[in-house]
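Sharing a structure, written as structure tokens. Questions coming.
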Amino acid sequence: MPGGGADAAPIPTAAYTWGLTPIFKQGALMADADQASKSWFSRVFDRLWTVVSTIYKAAIIIGFGFFLVTLWFIWRGPGVATKVEDNVALIVAPTGAVVDRIDIDPRWALVDQLAGAPPPQTALRDLITAFERGAEDPRINFAVLKLDDMTQIGLAQSAELIQAIDQFRATGKSVVAYSAWYDQAAYLAASHADEIVMDPLGMLALEGLSRYANFLKGLTDKLGITVNVFRVGEYKSAVEPFIRQNMSDEARQANLDWLQDLWGRYGAHVAEGRDLAPDAVHRFVETLPEAMEAQGGRGAEVALQAALVTHVETLEAFRSRMKERVGEDAEHGSFRQIHFHDYLTATEMQQQQPALAANAAPAWIARVVVQGEIVDGYSEVGVSGGDSVQELLMAAQRDDKVRAVMLRVDSPGGSVWASEQIRRGVAQLKAAGKPVVVSMGNVAASGGYWISMDADRIFALPETITGSIGIFGLLPTFESSLQKIGVTTDGVGTTSLAGAFRLDRPLGANARRVIQAEVQRGYDDFISKVAEARGQTPDAIDAVARGRVWSGEAALDHGLIDAFGTEADAVAALGELAGLDDWELVEWTEETDPFMLLIKQFFGGLSGLVRASVIPQSLLQWWVPAERIVVPLSRLSDPRGQYAHCECGVAVSSRGGF
């Protein structure tokens, strides 16, 4: 039998190999013929798909490698602990946006880590804690407030940071602020330093505060979208962009009032820190064009002559001066220093020693943060979900170790339903005998005030934006849009309201009456709850409500808050209310499985790598402005279509918004 049996002659290796060659050649010829038969478009698409597929596979390999490395570091542990040496400078260097709670999208965290980018957010508490610990630490000679990587900080947050800087300086230690240039947000924090250093090519970019918005009425008219708005209160201006092409007179006056309050506080802080006249900042801005022309465009010299900065020098010269104070770090070629993140890590165990020595755990004060818009459902990056926050409050109520709750609010509000869920959680905590104190941050307005009003005490700062007690409803219909493309709607119903709320039909008079009555009832409930919580009459609250925004200073005058105070003041008051001599402030957040978080970060980061690698930057740049419209609309999630939301962001920094 050919090719088989024990007696069959073995096939020579060379003959076997050469025997296969024609087959391979034939396959190659067939592949070439197949390629030749394809159109040029198909060939280009095939090659493009090959490139995309290669990038995707490479991203998977890189991401999986990073995942394994991360697991190894977790298994290995923190390694050698950071040591705080004697006679060093504490570098307090916020990066990105200063926030009350770190809230970073895990999909991009991996990308940032791989790229070596600085953290996009910095916790305000970490900055304040670093100054507090450094003030009492004999190893810390002075502090450097490095601000050139900070992109965003609110006025109220700056006021809290200023207080921490003043307390640090009160111990006899100095603070030196450094940035190549200063915008308004950065300069306010720097204004209370002993020295303010700027690069010769830098500039002090002060311009005043403003509130501008894009009005969409012209766009919706062109698209044929009918935006049906229902509101109570002539100052509830959040809906104006949908129904007007400019700002109403009522909104213009109200906005100017609270902006002037905040600008006055800004000038007062700078005047106090630099020992200048109260109107020094305002005069600097108004005379800036003439001063720049006189100095030949040298902005740093203009700021120096105005006594708003103390030194104009290069980074190299600055480092040399600091070396004279603490010596040189030969390894890095700069002055001897420790970054505040490393410092906090190194001193954390030291802070826990008293409790460990006493062998007794102190009572807990739970810190619950409501940050960003308030939406129905569960919290996501950038927003606070009513269900999530209420569950946190209920968990604090059930936990016997928690004796009180500090609610930190930095929110313009949002969904009425979600806000009410949080307010009920606060009320239930109080009914259970656990006091609740609110600390308002930059903004605690509309729904942000709704969730705060039932607290035992409300603390805010003069720079806080609050109030905006009002409600609106929003229902767009698209009958005209559909007509533009030849689509009409017709049919029958058994009642006058049957099909009245369809988005492809005009909203009828009866439907309008129903919605307006519900919005009116929501407003009446709002002011009644505020009146009961604040010990006033509904008429008195209505006089300062109707959607009007107030500064913290005006809110105290109107009885909407109890006192001025920082978050630390709120916690101290909470300790008194709970009758505690010793307590620990515990960050109260949703329980997250570290392994699942790592998995989410890995796969989310993988998609981020693919998106960053495949999608052209030009298209990503187009998405940014579109996102500003699409994302807010996606957060209109109230099940009844009612919102207690304040459009009260203020342009503080030229590098960022609020």
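The values are calculated or read from the model by the stated rules, or taken from the named source; none is laboratory data. Because the structure is a prediction, the values reported are computed rather than measured. Note that each Cβ is placed from the backbone with ideal geometry, even for glycine, and that neighbours are counted across all protein chains shown. Side chains included, ligands, DNA and RNA excluded: accessible areas come from the protein's heavy atoms. Shrake-Rupley method; radii C 1.70, N 1.55, O 1.52, S 1.80 Å.
Taking θ as phi - 60°, what are the ³J(HN,Hα) couplings along segment 248-259 by the Karplus curve (6.51, -1.76, 1.60), each to the nearest whole Hz, with x for Gly and Pro?
Ordered by residue, 3J(HN,Hα) equals 5, 4, 5, 5, 4, 5, 4, 5, 5, 4, 6, 5 Hz.
While we're looking at this one, here's another question. Karplus couplings for segment 163-172 from phi (6.51 cos²θ - 1.76 cosθ + 1.60, θ = phi - 60°), rounded to Hz, Gly and Pro as x?
Whole-Hz 3J(HN,Hα) from phi for segment 163-172: 4, 5, 5, 4, 5, 4, 5, 5, 7, x.
Strictly over 29 Å apart at the Cα level, which of Lys83/Lys173; Lys217/Lys484; Lys236/Lys484; Lys434/Lys529; Lys83/Lys146; Lys236/Lys430 would you flag in this model?
Values: Lys83/Lys173 21 Å; Lys217/Lys484 18 Å; Lys236/Lys484 32 Å; Lys434/Lys529 20 Å; Lys83/Lys146 21 Å; Lys236/Lys430 31 Å.
Long pairs (Cα-Cα over 29 Å): Lys236/Lys484; Lys236/Lys430.
Can you tell me the accessible area per residue over segment 245-304, all protein chains present, probe 1.4 angstrom, in square angstrom?
Ligands and nucleic acids excluded, the figure is 54 Å² per residue.
If amide hydrogens are placed 1.01 Å from N in the peptide plane, which non-local residues have theirs closer than 5 Å to the one on Met198?
Here the answer is His311, Val312, Glu313, since their amide H atoms fall under 5 Å of that of Met198.
Next question. List the pair-distance distribution P(r) of segment 331-450, using every Cα-Cα distance, as the percent of pairs falling in each 10 Å bin from 0 up to the bin containing the longest distance, rounded to whole percents.
13, 33, 25, 19, 8, 2
Can you tell me the relative contact order of segment 337-426? Whole percent, Cα pairs under 8 Å, sequence separation 6 or more.
RCO, segment 337-426: 31 percent.
Taking only C-alpha pairs under 8 Å that are 6+ residues apart, what is the relative contact order of segment 441-514 in percent? Don't skip to the answer; put the middle values down first.
On the way: 63 pairs, mean separation 19.6, N = 74.
The normalised contact order for segment 441-514 reaches 27 percent.
How would Arg47, Arg521, Arg403, Arg548 line up by accessible area, probe 1.4 Å, largest first?
Output order, biggest surface exposure first: Arg47, Arg521, Arg403, Arg548.
For Ser174, which sequence-distant residues (separation of 5 or more, or a different chain) have an amide H within less than 5 Å of its own amide H, given hydrogens modelled in the peptide plane?
Correct list: Ala143.
What whole-number value in cubic angstrom gives the convex hull volume per residue for the C-alpha atoms of segment 206-322?
Expressed per residue, the convex hull around the Cα atoms of segment 206-322 is 191 Å³.
At 7 Å along the Cα-to-beta-carbon direction for both Glu85 and Ile104, put a label point, then send me their distance in nm to one decimal.
Simple spin-label model gives 2.7 nm for this pair.
Additional query: In nm, to one decimal, how far is the Ala307 label point from the Thr495 one, both placed 7 Å along Cα→Cβ?
7.4
For Thr171 and Ala280, FRET efficiency with R0 = 30 Å and r from the beta-carbon atoms, rounded to 0.05? Working shown, then result.
Values: r = 28 Å, r/R0 = 0.92.
Here the calculated transfer efficiency is 0.65.
Shifting gears a bit: Using alpha carbon centroids, what distance separates segment 255-296 and segment 544-580, in Å?
27
So, one more: How many nm separate the modelled label positions at Thr287 and Arg502, each set 7 Å beyond the Cα in the direction of the Cβ?
Label at Thr287, label at Arg502, 6.8 nm between them.
To the nearest 10 square angstrom, how much accessible area does Val370 have with a 1.4 angstrom probe?
0
Tell me which residues come under 5 Å, amide H to amide H, from Gly547 once H is placed; ignore anything under 5 positions away on its chain.
Ile469, Gly470
First obtain the Kirkwood hydrodynamic radius of segment 210-263 from its Cα pairs, then insert it into the Stokes-Einstein equation at 10 °C and 1.306 mPa s, and state the resulting D in µm² per second as a whole number.
It comes out at roughly 130 µm²/s.
Another question about this same structure. In Å and from the alpha-carbon atoms only, list the Rg and Dmax of segment 541-585.
Considering segment 541-585 through its Cα atoms, Rg and Dmax are 14.5, 42 Å.
Further, regarding this structure: Take each of the peptides 430-440, 268-278, average the number of other beta-carbon atoms within 10 Å over its residues, and list them starting from the highest.
Ranked from most to least packed, the peptides come out as 430-440, 268-278.
Then there's this: Set the Förster distance to 25 Å, then compute FRET efficiency between Arg521 and Asp249 from the Cβ-Cβ distance, nearest 0.05.
Values: r = 28 Å, r/R0 = 1.12.
After rounding, the FRET efficiency stands at 0.35.
Which peptide among 408-416, 120-128 comes first, and what is the full order, when sorted by highest mean count of other Cβ atoms within 10 Å?
Result, highest mean first: 408-416, 120-128.
Now for a separate question. Output wanted: per-residue J couplings in Hz (rounded whole) for segment 126-137, from phi through Karplus 6.51 cos²θ - 1.76 cosθ + 1.60, θ = phi - 60°, x for Gly and Pro.
For segment 126-137, the Karplus curve yields 5, 4, 5, 4, 4, 5, 5, 6, x, 5, 9, 9 Hz.
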